[in-house]
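A.B. asks: Here's a structure for you.
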């Protein structure tokens, strides 16, 4: 499959060149761009170029941020490098007060960490932000070995130790499972670098609560079906040649097929915006799909483990998930304040799947539990968009500041 995809991409290159020339000639022609027909034609060329190319990993490009009418430069640094992931740090320059440290765990599922660009920017308002920047497996040499659930959790523990004590942890979507496992392991070990708070957002902690199309697909077929239909080998010409992966181009096809009507309407609206010269609508569409169509390849071992252990056998909520042979018991979480965040219209991780964490953390004191359901948003609205910025983020900030060891009114054990 991968060789066929690369070949198709290669064969389309002459047509992309023609489309680029056609689009460029239209844009340079003031008479064409002043007419609806000319803008429509330019929009068709633009759409073809966006959807037919091999999209590279985007950059965060967060150079500055405005806080209460004051603009601060933002510095991005890579503070820790590993085979499968880099740990990035974002910090405002010129801030004189102490700010909470927040680690955002981005999903190893389809998109790059830049899909959480809006998450990072909004949290930067009042926090120092770190994020896991996972690599596409086509860019990781075979000699690095396989990436699995144990490797994932080991990385997170290493990141926590590198950042240091009193670090708050947010998990967007799929790593909601990992954030709960992280807290359970580090709390049981009485690790001084255990999370100051844990905030799983729209994730499949217990998919049995309310199943979505994602859950139903995972349950409908045996693991061998997923292996046979979705896994392939990275061909020559890539750093990760020879590695078995779940390719990004298959993942994005699956994402689009979950809701094809919405994507069809979005592209029709894009062409209408071109005709009407709606600059804001055009930019919004381009920005979204430039990011959305940029996807990474997942390691085959990790992908199959996730399908089986998270979506088929529900190991975490059943209390049988293991880390290096050790059982992960969420009852061991006694000192990490927990806030779950969900979207009312989430059709990927339905409301209730994250909230289930509260019942599983039965030994966590009642005053260390919190939950927020954002009305009117789907999966992406939990961590991106206007409602995320206006409503969700302030609730998370309030929770973080309440339990921050240095800035809040509670210490890690929940005592005033």
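A.B. asks: Please tell me if residue 59 is modelled with pLDDT under 95 and not assigned by TED's automatic domain parsing to the domain that holds residue 123. Explain how you work it out, then say what you get.
C.D. replies: Numbers: modelled with pLDDT under 95: yes; not assigned by TED's automatic domain parsing to the domain that holds residue 123: yes.
Yes, satisfied.
A.B. asks: Among the residues of the range 241-251, are any assigned to a loop (DSSP other than H, G, I, E, B) and exposed (fewer than 14 other Cβ atoms within 10 Å of the Cβ)? Steps first, please.
C.D. replies: Of the range 241-251, the ones assigned to a loop (DSSP other than H, G, I, E, B) are 241-243, 247.
Filter once more, so that each one left must be exposed (fewer than 14 other Cβ atoms within 10 Å of the Cβ): 242.
Yes.
A.B. asks: For the range 129-148, does any single residue satisfy the condition of being crowded, with 18+ Cβ neighbours inside 10 Å, in contact with a strand residue (DSSP E or B) (Cβ under 6 Å, 6 or more places away or on another chain) and more than 28 Å from residue 243 (Cβ to Cβ)?
C.D. replies: Yes, some residue in the range 129-148 is crowded, with 18+ Cβ neighbours inside 10 Å, in contact with a strand residue (DSSP E or B) (Cβ under 6 Å, 6 or more places away or on another chain) and more than 28 Å from residue 243 (Cβ to Cβ).
Conditions (1) within 15 Å of the chain's Cα centre (by Cα); (2) modelled with pLDDT of 95 or more, marked per residue:
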{"position": "86", "(1), (2)": "yes, yes"}
{"position": "94", "(1), (2)": "no, no"}
{"position": "103", "(1), (2)": "yes, yes"}
{"position": "138", "(1), (2)": "no, no"}
{"position": "158", "(1), (2)": "no, yes"}
{"position": "165", "(1), (2)": "no, yes"}
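A.B. asks: Also, I was wondering about something else. Quick check on this structure: which one of 181, 218 is touching a helix residue (DSSP H, G or I) at 6+ places or on another chain (Cβ under 6 Å), assigned to a helix (DSSP H, G or I) and modelled with pLDDT of 95 or more?
C.D. replies: Working: 218 fails: modelled with pLDDT of 95 or more.
Step by step, each of 181, 218 is checked, and only 181 is touching a helix residue (DSSP H, G or I) at 6+ places or on another chain (Cβ under 6 Å), assigned to a helix (DSSP H, G or I) and modelled with pLDDT of 95 or more.
A.B. asks: To continue, here is another question. In the range 288-305, how many residues are part of a helix (DSSP H, G or I) and over 13 Å from residue 51 (Cα atoms)? Don't jump to the end; show me each part of the working.
C.D. replies: Within the range 288-305, the first condition is being part of a helix (DSSP H, G or I), and the residues that meet it are 288-292, 300-305.
Filter once more, so that each one left must be over 13 Å from residue 51 (Cα atoms): 300-305.
The qualifying residues number 6.
A.B. asks: Condition first: surrounded by 14 or more Cβ atoms within 10 Å (Cβ to Cβ) and either without any contact (Cβ under 8 Å) to a residue 60 or more places away in the chain or in contact with a strand residue (DSSP E or B) (Cβ under 6 Å, 6 or more places away or on another chain) (or both). Now tell me which residues in the range 259-272 satisfy that.
C.D. replies: Result: 263, 266, 269, 272.
A.B. asks: Considering only strands (runs of 3 or more DSSP E) fully contained in the range 1-103, which possess at least 3 residues that are touching a helix residue (DSSP H, G or I) at 6+ places or on another chain (Cβ under 7 Å)? Explain how you work it out, then say what you get.
C.D. replies: Working: elements: 64-67, 70-81, 85-92.
The strands (runs of 3 or more DSSP E) meeting that bar are 85-92.
A.B. asks: Of the numbered conditions (1) in contact with a helix residue (DSSP H, G or I) (Cβ under 6 Å, 6 or more places away or on another chain); (2) surrounded by fewer than 24 Cβ atoms within 10 Å (Cβ to Cβ); (3) part of a loop (DSSP other than H, G, I, E, B), residue 207 satisfies every one except a single condition; which is it?
C.D. replies: With respect to (1) in contact with a helix residue (DSSP H, G or I) (Cβ under 6 Å, 6 or more places away or on another chain); (2) surrounded by fewer than 24 Cβ atoms within 10 Å (Cβ to Cβ); (3) part of a loop (DSSP other than H, G, I, E, B), residue 207 is out only on (2).
A.B. asks: So, one more: From (1) farther than 25 Å from residue 349 by Cα; (2) within 24 Å of the chain's Cα centre (by Cα); (3) surrounded by fewer than 17 Cβ atoms within 10 Å (Cβ to Cβ), pick out the condition that doesn't hold for residue 237.
C.D. replies: (2)
A.B. asks: Now for a separate question. Would you check which residues across the range 104-138 are more than 24 Å from residue 407 (Cβ to Cβ), touching a residue at least 60 places away in the same chain (Cβ under 8 Å) and not in a helix (DSSP H, G or I) and list them?
C.D. replies: 106, 107, 108, 109, 110, 111, 112, 134, 135, 136
A.B. asks: With respect to the numbered conditions (1) surrounded by 13 or more Cβ atoms within 10 Å (Cβ to Cβ); (2) in the same structural domain as residue 144 (by TED's automatic domain parsing); (3) more than 21 Å from residue 110 (Cα to Cα), which one is the sole condition not fulfilled by residue 41?
C.D. replies: Of the numbered conditions (1) surrounded by 13 or more Cβ atoms within 10 Å (Cβ to Cβ); (2) in the same structural domain as residue 144 (by TED's automatic domain parsing); (3) more than 21 Å from residue 110 (Cα to Cα), the odd one out for residue 41 is (2).
A.B. asks: Something else about it: Might you let me know whether the range 105-113 holds any residue that is modelled with pLDDT of 95 or more, over 30 Å from residue 236 (Cα atoms) and in contact with a strand residue (DSSP E or B) (Cβ under 8 Å, 6 or more places away or on another chain)?
C.D. replies: Looking through the range 105-113, at least one residue is modelled with pLDDT of 95 or more, over 30 Å from residue 236 (Cα atoms) and in contact with a strand residue (DSSP E or B) (Cβ under 8 Å, 6 or more places away or on another chain).
The values are calculated or read from the model by the stated rules, or taken from the named source; none is laboratory data. Values in this document were obtained by computation on a predicted structure and should not be read as measured data. A quick note on method: Cβ atoms are made from the backbone with ideal geometry, for glycine too, and the neighbour counts reach across all protein chains shown.
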